[in-house]
1. Please specify each residue of segment 118-132 satisfying the condition of being modelled with pLDDT under 85 and in contact with a helix residue (DSSP H, G or I) (Cβ under 7 Å, 6 or more places away or on another chain).
2. I'd like to know if segment 147-159 contains one or more residues that are under 10 Å from the mean Cα position of the chain (by Cα) and over 17 Å from residue 38 (Cα atoms).
3. Can you find, within segment 57-82, the residue that is farthest from residue 118 (Cα to Cα) among those that are without any contact (Cβ under 8 Å) to a residue 60 or more places away in the chain and touching a helix residue (DSSP H, G or I) at 6+ places or on another chain (Cβ under 7 Å)?
4. So, residue 115, is that one farther than 18 Å from residue 37 by Cβ and either out of contact with any helix residue (DSSP H, G or I) (no Cβ under 9 Å at 6 or more places or on another chain) or outside any loop (DSSP other than H, G, I, E, B) (or both) or not?
5. Filter segment 65-78 for residues that are over 15 Å from the mean Cα position of the chain (by Cα) and crowded, with 16+ Cβ neighbours inside 10 Å; which is farthest from residue 145 (Cα to Cα)?
6. Conditions first: (1) closer than 19 Å to residue 159 by Cα; (2) exposed (fewer than 14 other Cβ atoms within 10 Å of the Cβ); (3) touching a residue at least 60 places away in the same chain (Cβ under 8 Å). Residue 35 passes all but one, so which condition is the exception?
7. On the basis of being part of a strand (DSSP E or B), in contact with a strand residue (DSSP E or B) (Cβ under 8 Å, 6 or more places away or on another chain) and at positive phi, does residue 62 make the cut?
8. Return yes or no: is residue 62 within 11 Å of the chain's Cα centre (by Cα) and over 25 Å from residue 160 (Cα atoms)?
């Protein structure tokens with residue numbers, strides 16, 4: 001999730017965000033809750049860069065990335081939902097990857113998962129801050145690691 005959003009913010013609208021892919025069976029029970037394995041692809045997404053600092057050079061605090069991505073099963077063959085989100089640059093970048101504060105909704109069969117957090121260079125660790133439907137009251141973490149073709153995500157939901 002992170003790297004592709006960051007690539008959009010820096011060059012002011014690079015195409016190719018990510019599409020999360022839910023693992024077969026959707027989840028596995030663990031002693032601490034439920035784990036969903038996700039694979040995000042760089043293909044099939046839409047995004048926009050909002051330049052809220054038009055008088056500054058390059059990306060600046062307050063600029064935004066808005067995105068919508070199709071969600072597929074782990075094989076990448078069956079569409080299972082959509083992820084939509086927005087990220088705000090929270091300070092002038094000191095590298096090619098500006099620091100972002102993001103929030104998003106993973107619309108999955110049976111309900112939505114809401115994620116939020118701060119993205120900086122390196123693996124991402126966001127919070128699951130809520131949900132609807134079968135995910136009502138959800139809390140936990142979303143850990144993302146970039147690959148050549150997208151991102152591998154692990155969502156760990158804590159027990160209710």
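1. 119
2. No: zero hits.
3. 59
4. No; evaluated as a whole, the condition is false for this residue.
5. 73
6. Tallying (1) closer than 19 Å to residue 159 by Cα; (2) exposed (fewer than 14 other Cβ atoms within 10 Å of the Cβ); (3) touching a residue at least 60 places away in the same chain (Cβ under 8 Å), residue 35 fails exactly one: (2).
7. Judged against the criteria, residue 62 is not a match.
8. In short, no.
The values are calculated or read from the model by the stated rules, or taken from the named source; none is laboratory data. Source: prediction; values computed, not measured. Here Cβ is always computed from backbone atoms with ideal geometry, including for glycine, and neighbour counts include all displayed protein chains.
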